[in-house]
Every structure is written in C-alpha cells, then in structure tokens.
Amino acid sequence: MDYNTIKALLDKYFEGETSLAKEQQLQEYFQGEHIAEDLRQYQPLFGYFQNAKQQVTSEAFDQRMSQPISKPKRSLRLVYRWAAAAAVVLMLGAGWVFNQQVEDPGPTASAIDWSKYEPATEEEAIELARGAFLKTSTAMYKGLSTAAQEVENVKKIMDWE
C-alpha cells in the first residue's frame, strides 16, 4: 500500500472515521514487512489487536465463568439474619427511649397578675422611671470605668515592652 494512503487512513482512524474494512487494511499493512520508518511507532498498536484475537482462555476459566454465581454459605446467611435482628431491636429500643413521656411536673403556674405592679399615680410612675434610669446609668458608668482601667493596663504593657 502507498505511504500517503496509509497516512490518510491513520488520520481517519485516530479521528474515529474509519470503517472496519479500512481498519483491517491498516492491520494488514502493519503486520507486513515493508513499514515506513516514521510509521513504525504505530506497529505495536495494530499488533496488539492481532495478538488479542489469538489469545485463548483455559477450559477451567471458561467453566468457572459459565457457572452461576452461588449464594452465600449458610453460616454467612445466618450472620446476616442475626445482624438484621439486632438492628431491628436497637431501632425499636431507641424509638421507645425517645418516645417516653416526660413526667407531669404538676399543676401549671397561674397567670401573673401584673395590675398590682402598675404605678397608681403619675408621681409614682416618674419615680419608677427615675430609679430605672439611675440603675442603668450606674451600670454604664461601672462598665466605662472598667474599660478605661483596662485601656490603661494595656498602655502600661505596651510602654513596658
């Protein structure tokens, strides 16, 4: 076969555009003795296909492959059954534990009567508000003092190093 024809067939082969007949021509060319030097790199590829066709398996292998897949042995099936039974028991136990009712804590607390905590007069309401503001102010001042003291401590540490 002509070099250009084989080169074109190889290009089509690697593009996946050859027919079986054209691939057979390539195999015949690479099995021959007169192979172009730059095409010798493809000879093992086409030689592989020919060698693969000639390989045969042993009778023992063929017999083993034709046998149906056997079921697990009886002892293994018994282990599976015990494992399944144990899983069911565990699941039922877990379900029972999680579904237990919490004991009744007794009668529920009655609603709080908030009316006795409401201020009766305007002066009493102002006094309650003043007390709340004083408590809030004291807490904020204490937090501000603590923060200022911590900043001073950090400054001392930074100056020390």
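The values are calculated or read from the model by the stated rules, or taken from the named source; none is laboratory data. What you are looking at is a predicted structure, and each value in this text was computed from that prediction instead of being measured. Quick reminder, even Gly has a Cβ in these numbers, built from the backbone with ideal geometry, and neighbours come from all protein chains shown. Areas reflect the complete protein model, heavy atoms only, side chains present, ligands, DNA and RNA absent. Shrake-Rupley method; radii C 1.70, N 1.55, O 1.52, S 1.80 Å.
Summary of computed values
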read-out	value
Gained length - Lys155 relative to Ala8, 0.36 nm times residue gap less alpha-carbon distance	44.6 nm
Over the chain: helical MRE at 222 nm, DSSP H runs n ≥ 4 each giving -39500 (n - 2.57), nearest 500	-23000 deg cm²/dmol
Virtual paramagnetic centre 7 Å along Cα→Cβ of Gln43, amide N under 11 Å, in segment 1-33	30-33
About the Cα centre, charge dipole magnitude for the chain (Lys/Arg +1, Asp/Glu -1 at Cβ), debye	1200 debye
Selection from Met1, Ser66, Gln149, by position along the positive dipole direction of the chain (Cβ)	Ser66
Accessible-area composition of segment 1-57, carbon plus sulfur, in percent [1.4 Å probe]	49 percent
Heavy-atom surface of the chain, accessible at 1.4 Å and reported per residue (Å²)	93 Å²
Angle between the chain longest axis and helix 122-160 axis [Cα atoms, degrees, rounded to 10]	60 degrees
Helix 74-98 vs. the chain, principal-axis angle (Cα, 0 to 90°, nearest 10)	20 degrees
Estimated inter-spin distance, Tyr80 and Leu92, nm [label 7 Å along Cα→Cβ]	2.2 nm
